[in-house]
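Colleague: One structure, pasted below without further comment.
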Amino acid sequence: MPDQPVIILNDIQKSCAGVEVLKGICLTANKGEVISIIGSSGSGKSTLLRCINLLVTPDAGTVEVCSSTVEMKQKRANARGMVLPDATIVFYDNVDLGYLDLIARRIDAMLG
């Protein structure tokens with residue numbers, strides 16, 4: 001079913017050091033879709049991915065994965081690091097539904 005949402009972001013907002021980085025981001029990733037997030041350096045691409053995989057908590061908004069709304073906690077005791085590629089290296093398949101599907105499975109396992 002191609003129109004089955006796997007990840008839904010609704011009004012994601014995040015500020016860092018007083019700078020509003022994400023301003024009401026909405027996104028729906030359906031099963032089978034490939035999504036690319038592009039933008040200039042400092043535009044919030046990595047911050048958005050960190051909000052999706054819960055390395056940082058959005059200031060506002062909701063993240064829904066596989067029909068389950070993810071409960072946001074302001075402080076996470078067991079946060080894990082995320083290694084970001086060097087900006088000069090281009091990866092063609094690191095920001096796609098396969099990656100988001102992996103995140104979805106991990107979150108689904110965490111939610112039980």
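Colleague: Among what's in the stretch 26-46 and is in a loop (DSSP other than H, G, I, E, B), in contact with a helix residue (DSSP H, G or I) (Cβ under 6 Å, 6 or more places away or on another chain) and among the aliphatic types (A, V, I, L, M), pick the residue that is nearest to residue 16 (Cα to Cα).
Modeller: First, pick out the residues of the stretch 26-46 that are in a loop (DSSP other than H, G, I, E, B): 31-44.
Among the residues that remain, those that are also in contact with a helix residue (DSSP H, G or I) (Cβ under 6 Å, 6 or more places away or on another chain) are: 33-34, 37, 39.
Still in the running and among the aliphatic types (A, V, I, L, M): 34, 37.
Working: 34: 28, 37: 20 Å.
So, considering only residues that are in a loop (DSSP other than H, G, I, E, B), in contact with a helix residue (DSSP H, G or I) (Cβ under 6 Å, 6 or more places away or on another chain) and among the aliphatic types (A, V, I, L, M), the one nearest to residue 16 (Cα to Cα) is 37.
Colleague: Could you count how many residues in the stretch 1-14 are at pLDDT below 90 and surrounded by 14 or more Cβ atoms within 10 Å (Cβ to Cβ)?
Modeller: Step one: filter the stretch 1-14 for residues at pLDDT below 90, giving 1-7.
Going one step further and asking which of them are surrounded by 14 or more Cβ atoms within 10 Å (Cβ to Cβ), we end up with 5-7.
Of the residues in that region, 3 qualify.
Colleague: Hey, another quick one. How many of the residues in the stretch 48-71 are in a helix (DSSP H, G or I), touching a helix residue (DSSP H, G or I) at 6+ places or on another chain (Cβ under 9 Å) and closer than 10 Å to residue 9 by Cα? Give the steps one after another, and end with the answer.
Modeller: In the first step, residues of the stretch 48-71 are kept if they are in a helix (DSSP H, G or I); the result is 48-52.
Those still in the list that are touching a helix residue (DSSP H, G or I) at 6+ places or on another chain (Cβ under 9 Å) too: 49, 52.
Now drop any that are not closer than 10 Å to residue 9 by Cα, which leaves 52.
Residues meeting the conditions: 1.
Colleague: Please enumerate the residues belonging to the stretch 16-53 that are under 21 Å from residue 71 (Cβ atoms) and touching a strand residue (DSSP E or B) at 6+ places or on another chain (Cβ under 8 Å).
Modeller: Start the filter on the stretch 16-53 by keeping residues that are under 21 Å from residue 71 (Cβ atoms), which leaves 22, 24-29, 47-53.
Listed by number, the residues that qualify are 22, 24, 25, 26, 27, 28, 29, 47, 48, 51, 52.
The values are calculated or read from the model by the stated rules, or taken from the named source; none is laboratory data. All values reported here derive from a predicted model rather than from experimental measurement. Cβ: placed from backbone, ideal geometry, glycine included. Neighbour counts: every protein chain shown.
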